[in-house]
1. Show me the ranking of peptides 53-60, 33-40 by mean Cβ neighbours inside 10 Å, starting with the highest.
2. Grab the other residues whose beta carbon is less than 13 angstrom from that of residue 31, score K and R as +1, D and E as -1, and report the net.
3. Running a GNM on the chain with Cα contacts under 10 Å, which residue among 13, 188, 66 ends up with the highest mean-square fluctuation?
4. Show that you can apply the helix-only estimate: for the chain, add -39,500 (n - 2.57) for every DSSP H stretch of four or more residues, divide by all residues, and state [θ] at 222 nm to the nearest 500.
5. Efficiency by 1/(1 + (r/R0)^6): what FRET value for residue 35 and residue 9, r their Cβ-Cβ distance, R0 = 22 Å, to the nearest 0.05?
6. Shape verdict for the chain, please, from the Cα gyration tensor: rounded (a/c under 1.5), prolate (a/b greater than b/c) or oblate.
7. With the contact rule set at Cα under 8 Å and sequence spacing of 6 or more, what percent relative contact order holds for the stretch 1-140?
8. Using the per-residue mean of other Cβ atoms lying within 10 Å as a proxy for protection, in what order, highest first, do the peptides 86-95, 138-147 fall?
Amino acid sequence: MMRRPSEPRRAVTAYFDERAPNYRAATGHGPWAWLRRREAEAVLALAGEMSGLSALDLGCGAGFYTDLLVARGARPVVAVDASQSMLAEITDPRISTMMGDAATVVLDRRFDRILLAGMLEFVADAAAVLVNARRHLADGGRIVVLLPPDTAASRFYRLFHRSHGVDIHLFDPPGIEALAATAGLRQTARRSVWPLALVCALEAR
C-alpha cells in the first residue's frame, strides 16, 4: 500500500535546500556511499544503453545520477529539481538544469531515458509525476524509478525523515504497477536492492 505524506511540498524543498551544500560529500562516504553504489548499478542496468540518447533526470537533487547519465554517454542531459540550491551543485556544462515541480514542469522535448531516482517518495502525488514523465517520454523510451519498498528497513528510513519534519511514501509492487498503469505505462523489469530500494523499468503501454 502506498503511504501519503502529511507535510507540504515546501517542507521537502526546505529540507533539501538546507542540506544542498554538503549533500554530495555526505552521500560519498560510509554506508550511504555503499548503498548508493549498489542502487546505481541496478538503475544503470535497467536503463540500458544510453550513448547518444537524450536523458532527463527528474528530481535530480545534487546531480548524482545526472553525472552518471553523462558518463554513460547520454546527450543531451537535462536535470530538473524543485530545489534551486540542489541544482546549484551541478556544474558540468554538459548538463542543462531547470528548477521545476516534477508533476507540472513542461520541457520543450521528449527523452529516450527518464530517471526518477529517490524522489517519488517525497512528492504529494506520485501518479501525477509519472503522468508528467510519460508526457516527456520519447517513442520507444524508458523510465527508470528508484523508490523505497514497504519493508521494515524502509520504515526506519521513513522514521529518519520524520525526525527531520518530512514524511515519505513507501511502495509495494502492486502499488507501483497501479501507478504505472495510471500513467499509461507498464513495468518491464524490476530489481530489489537490499535493504532500501526497488528499481523498476517502465515503458509505454
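1. The peptides rank, most packed first, as 53-60, 33-40.
2. After counting each charged neighbour, the total is +2.
3. 188
4. Roughly -12000 deg cm²/dmol at 222 nm, from the helical runs in the chain.
5. 0.30
6. Taking the square roots of the gyration eigenvalues as a ≥ b ≥ c, the chain is rounded.
7. Over the stretch 1-140, the number comes to 25 percent.
8. 138-147, 86-95
A short reminder: the numbers here are calculations on the coordinates, not readings from a lab. The model shown is predicted, which means the values in this text are computed figures rather than measured ones. With ideal geometry, Cβ positions are generated from the backbone for all residues, glycine too; neighbour counts draw on all protein chains shown.
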